Amino acid sequence: MAFDVARIRGLFPALGDGWIHFDGPTGMLVPEQVASAVSTAMRAPVSAPGGAFPASQRAESIVTAARRAVADLVGTDPAGVVLGPNAAVLLQRLADAMADGWTLGDEVVVSRLDEQANLAPWQRAAKRVGAVLRWGEIDIETCELPAWQYESLVNHHTKVVAVTAASGSVGTRPDVPTIVELAKRVGAAVVVDASYAAPFVPLDLRELGADVLVVSAQAWGGPSVGALAFRDPEMLERLLSASLELGVRGPARLELGPHPYPLLAGLVASIDYLAGLDDAATGSRRERLVTSLGSAKSYHAGLLAQLSTELRSLPHIMVIGDAMRRIPAVAFTVTAKKASEVAEYLASQGLCAFADEGTGGVFAALGVGEVGGAVRIGLAHYSNIFEVNQLVRVLEELR
């Protein structure tokens, strides 16, 4: 495997701004090839699909290419790929469509590890029909989401189990296959938020067994678009349509209005970028994605181990959680300092990081708000050991 971080850094013009970017969980910087694909598509004539002229055919080919690219990324059929503005909007459409058949007493299972994008839609849907909301709890010391608890959480009333593939806050990667297996025993659908996992972990929806998986291109340096991927495209035909057009079939049932064609061109380019992370990867795009993301996973595991070890060696730093399976995201607190103060100090030293006050999501469940919140550090494809060492040095001086 050949993950050459120096080569990868050369793909990002924005790295020339002089800052060290640890703000990856909110969206990575944009590679040059993605920006070029968007601008090129904006310069070309593009019309609505369905016409016999080139501008219309170009639009149709962009949409088709975008569905194929997402399908290659997650290992599914392009006929089951729904395109939209972002993961939050798509999950809300999905929840509304799936809840159409629910009745009083049905149940939905969510988790404390999930971000609001995969919580709020199911909370609203459950409240609207009088369904019961049940929670998967996290281990407050490790931030693991124990899969065994789902054996008692799911039952014959369960309609949907919504769970994250990885936490963008504390990095935990739960045992999704086991959760899926337990949900399938009672006939519940499983919706997986892979927004934070997709940039770092090879995904295979068919192997995972979940019914629907959502990704957000911003997470890996793509444009502001997302996608729902259905393991079985026929499931789309059984859902309430959200389309403005009557009688539509397939992914269009959950798509609204015209597509942002230049952004979809950028989506394709961004997935091609992921496929090229390992410059020794060969074969089809799907094969290159599996190889490249496997290389990225190995590279970031080493970088994350170094960062975690160094942070835990500092007596005034408390790293939150210690899950066995992780993506390269870390959260920590600093003794006697609010997270906002730490983030401001880091910014004064040229490091980008976000403070979370701990009023919602996983940090609220952990009670982090009581100690002034947590600082979130997210590594990106272009992060390197020099930047990790610089972060540790700056934090050593913060007493």
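The values are calculated or read from the model by the stated rules, or taken from the named source; none is laboratory data. Just so you know, these numbers come straight off a predicted model, no measurement behind them. Here the Cβ positions follow ideal geometry from the backbone for every residue, glycine too, while neighbour counts run over all protein chains shown. Heads up: the accessible areas ignore ligands, DNA and RNA and are worked out on the full protein's heavy atoms, side chains in. Shrake-Rupley method; radii C 1.70, N 1.55, O 1.52, S 1.80 Å.
Specify the residue that is farthest from M42 (Cα to Cα); the eligible residues are those in the range 234-252 that are open to solvent by 30 Å² or more (accessible area, probe 1.4 Å), of a type outside the set (S, T, Y) and in contact (Cβ under 8 Å) with a residue 24 or more places away in the chain. Checked the range 234-252; the qualifying residue farthest from M42 (Cα to Cα) is L240. The residues of the range 181-202 that are under 19 Å from L91 (Cβ atoms) and buried (at least 22 other Cβ atoms within 10 Å of the Cβ), listed by number, are A183, A188, V190, V191, V192, D193, A194, S195, Y196, A197, A198, P199. Scanning the range 30-58 for residues that are of a type in the set (A, V, I, L, M), assigned to a helix (DSSP H, G or I) and over 26 Å from G276 (Cβ atoms) gives a single hit, A55.
The set of residues from the range 277-291 being surrounded by 19 or more Cβ atoms within 10 Å (Cβ to Cβ) and outside any helix (DSSP H, G or I) comprises L277, D278, A281.
When the range 168-221 is filtered for residues that are among the polar types (S, T, N, Q) and not in a loop (DSSP other than H, G, I, E, B), the ones remaining, listed by number, are T172, T178, S216, Q218. Screening D322 against (1) open to solvent by 10 Å² or more (accessible area, probe 1.4 Å); (2) within 30 Å of T40 (Cβ to Cβ); (3) touching a residue at least 60 places away in the same chain (Cβ under 8 Å); (4) out of contact with any strand residue (DSSP E or B) (no Cβ under 7 Å at 6 or more places or on another chain) leaves a single unmet condition, (2). Against the criterion of being modelled with pLDDT of 95 or more, under 30 Å from E151 (Cβ atoms), open to solvent by less than 50 Å² (accessible area, probe 1.4 Å) and β-branched (V, I, T), V70 does not qualify. Of all residues in the range 356-376, those that are open to solvent by 40 Å² or more (accessible area, probe 1.4 Å) and part of a loop (DSSP other than H, G, I, E, B) total 2. Filtering A79, A97 for residues that are closer than 19 Å to G250 by Cα, open to solvent by less than 30 Å² (accessible area, probe 1.4 Å) and among the small types (G, A, S) leaves a single hit, A97.
Condition check ((1) assigned to a helix (DSSP H, G or I); (2) closer than 22 Å to D72 by Cα) across all residues:
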{"site": "A227", "(1), (2)": "no, yes"}
{"site": "A242", "(1), (2)": "no, no"}
{"site": "G247", "(1), (2)": "no, no"}
{"site": "S270", "(1), (2)": "yes, yes"}
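Quick check: is even one residue across the range 261-272 surrounded by fewer than 20 Cβ atoms within 10 Å (Cβ to Cβ), at pLDDT 95 or above and of a type outside the set (S, T, N, Q)? Among the residues of the range 261-272, at least one is surrounded by fewer than 20 Cβ atoms within 10 Å (Cβ to Cβ), at pLDDT 95 or above and of a type outside the set (S, T, N, Q), which makes the answer yes.
From the list L104, L133, the lone residue that is in a loop (DSSP other than H, G, I, E, B) and either under 22 Å from the mean Cα position of the chain (by Cα) or of a type outside the set (F, W, Y) (or both) is L104. Yes or no: S61 open to solvent by 30 Å² or more (accessible area, probe 1.4 Å), assigned to a loop (DSSP other than H, G, I, E, B) and free of Cβ contacts under 8 Å to residues at least 24 places away in the same chain? Against the criterion (open to solvent by 30 Å² or more (accessible area, probe 1.4 Å), assigned to a loop (DSSP other than H, G, I, E, B) and free of Cβ contacts under 8 Å to residues at least 24 places away in the same chain), S61 does not qualify.
Conditions (1) open to solvent by 60 Å² or more (accessible area, probe 1.4 Å); (2) touching a strand residue (DSSP E or B) at 6+ places or on another chain (Cβ under 9 Å), marked per residue:
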| site | (1), (2) |
| --- | --- |
| G50 | yes, no |
| Q57 | yes, no |
| V74 | no, yes |
| A88 | no, yes |
| L91 | no, yes |
| A120 | no, no |
| K127 | yes, yes |
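Pairs linking a residue in the range 82-100 that is under 13 Å from L236 (Cβ atoms) to a residue that is among the aromatic types (F, W, Y) and crowded, with 23+ Cβ neighbours inside 10 Å, with Cβ atoms under 7 Å and 6 or more positions apart or on different chains, do not occur.
How many of the residues in the range 216-232 are crowded, with 18+ Cβ neighbours inside 10 Å and over 13 Å from L94 (Cβ atoms)? Adding up the residues that qualify gives 10. V362 satisfies every condition listed in (1) among the hydrophobic types (A, V, I, L, M, F, W, C); (2) within 28 Å of G294 (Cβ to Cβ); (3) at pLDDT 95 or above except (3). If you go through the range 140-158 and keep only what is over 24 Å from the mean Cα position of the chain (by Cα) and not in a helix (DSSP H, G or I), you end up with V154, N155, H156, H157, T158.
For first residues located in the range 135-157 and under 17 Å from G367 (Cβ atoms), partners that are at pLDDT 95 or above and open to solvent by 60 Å² or more (accessible area, probe 1.4 Å) and lie 6+ apart or on another chain with Cβ distances below 7 Å form the pairs W135/R112; E137/R112; I138/R112.
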